[in-house]
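Enquirer: Here you go, one structure.
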Amino acid sequence: MKIPYGYTLINEEIIVNEEKADVVRSIFGYYLAGASLGKIVDMLSAKGIPSPSGNSKWGRAAVDKLLSNAKYIPIVGVETYMDAQFERECRRNVDYDKAGHPRRTVRYQSPSLKIN
């Protein structure tokens, strides 16, 4: 069994690793603030945070997988996790113009992130 990023195995018990959990929280925070997967990768690289596999640079797929993993609910909370899932689904919306070419629709935001 592979231990998810942000957790540590101590005495056969999986516990939250606070240092890495802060990274997980910042990934969710940046994503919900509107940062793309690429921007999050750049941010992690600029801060010198190694990827879960130990590489010096994260991949966009690793960030996307982290955002979609329900094992991070204890770290970020249910509301933040669900907002991220809503945002992930909305960002993937593809619409088609009259000629049948794919194009992105307007960007949607989670209802809990309303800006007044």
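The values are calculated or read from the model by the stated rules, or taken from the named source; none is laboratory data. This one's a predicted model, so the numbers in the text were calculated from it and none came from an experiment. Methodologically, a virtual Cβ is constructed for each residue, glycine included, from the backbone with ideal geometry; neighbour enumeration extends over all protein chains shown. Each accessible area value is taken on the protein alone, full model and side chains, heavy atoms only, with ligands, DNA and RNA left out. Shrake-Rupley method; radii C 1.70, N 1.55, O 1.52, S 1.80 Å.
Enquirer: Pick out the one residue from 71, 39, 57, 65 that is open to solvent by 30 Å² or more (accessible area, probe 1.4 Å), of a type in the set (D, E, K, R) and in a loop (DSSP other than H, G, I, E, B).
Expert: Details: 71 fails: in a loop (DSSP other than H, G, I, E, B); 39 fails: in a loop (DSSP other than H, G, I, E, B); 65 fails: in a loop (DSSP other than H, G, I, E, B).
Residue meeting the stated conditions: 57.
Enquirer: Here's a follow-up. For segment 79-88, state whether one or more residues are in contact with a helix residue (DSSP H, G or I) (Cβ under 6 Å, 6 or more places away or on another chain), of a type in the set (A, V, I, L, M, F, W, C) and either modelled with pLDDT under 95 or more than 17 Å from residue 6 (Cα to Cα) (or both).
Expert: Checking segment 79-88: at least one residue is in contact with a helix residue (DSSP H, G or I) (Cβ under 6 Å, 6 or more places away or on another chain), of a type in the set (A, V, I, L, M, F, W, C) and either modelled with pLDDT under 95 or more than 17 Å from residue 6 (Cα to Cα) (or both).
Enquirer: So, one more: Go through the residues of segment 1-21 one by one and say whether even a single one is assigned to a helix (DSSP H, G or I), of a type in the set (Asp, Glu) and either exposed (fewer than 14 other Cβ atoms within 10 Å of the Cβ) or touching a residue at least 40 places away in the same chain (Cβ under 8 Å) (or both).
Expert: First, the residues of segment 1-21 that are assigned to a helix (DSSP H, G or I): 18-21.
Imposing the further condition that a residue be of a type in the set (Asp, Glu) reduces the set to 18-19.
Narrowing the set further to residues that are either exposed (fewer than 14 other Cβ atoms within 10 Å of the Cβ) or touching a residue at least 40 places away in the same chain (Cβ under 8 Å) (or both) leaves 18-19.
So far as segment 1-21 goes, yes, one or more of its residues are assigned to a helix (DSSP H, G or I), of a type in the set (Asp, Glu) and either exposed (fewer than 14 other Cβ atoms within 10 Å of the Cβ) or touching a residue at least 40 places away in the same chain (Cβ under 8 Å) (or both).
Enquirer: For residue 24, indicate whether it is assigned to a helix (DSSP H, G or I) and in contact (Cβ under 8 Å) with a residue 24 or more places away in the chain.
Expert: Values: assigned to a helix (DSSP H, G or I): yes; in contact (Cβ under 8 Å) with a residue 24 or more places away in the chain: yes.
Taking the combined requirement at face value, the residue satisfies it.
Enquirer: Moving on to the next point. Select from segment 33-44 the residues that are at pLDDT below 95 and either under 9 Å from the mean Cα position of the chain (by Cα) or over 19 Å from residue 91 (Cβ atoms) (or both) and list them in ascending order.
Expert: The answer is 37, and nothing else.
Enquirer: Residues in segment 22-36 that are surrounded by 13 or more Cβ atoms within 10 Å (Cβ to Cβ) and over 17 Å from residue 71 (Cα atoms): how many?
Expert: Filtering segment 22-36 down to residues surrounded by 13 or more Cβ atoms within 10 Å (Cβ to Cβ) leaves 22-32, 35-36.
Of the ones still in play, those that are also over 17 Å from residue 71 (Cα atoms) are 30-32, 35-36.
Counting residues in segment 22-36 that are surrounded by 13 or more Cβ atoms within 10 Å (Cβ to Cβ) and over 17 Å from residue 71 (Cα atoms) gives 5.
Enquirer: Please tell me if residue 81 is touching a residue at least 12 places away in the same chain (Cβ under 8 Å) and either in contact with a His (Cβ under 8 Å, 6 or more places away or on another chain) or in a helix (DSSP H, G or I) (or both). Explain how you work it out, then say what you get.
Expert: Numbers: touching a residue at least 12 places away in the same chain (Cβ under 8 Å): yes; either in contact with a His (Cβ under 8 Å, 6 or more places away or on another chain) or in a helix (DSSP H, G or I) (or both): yes.
In short, yes.
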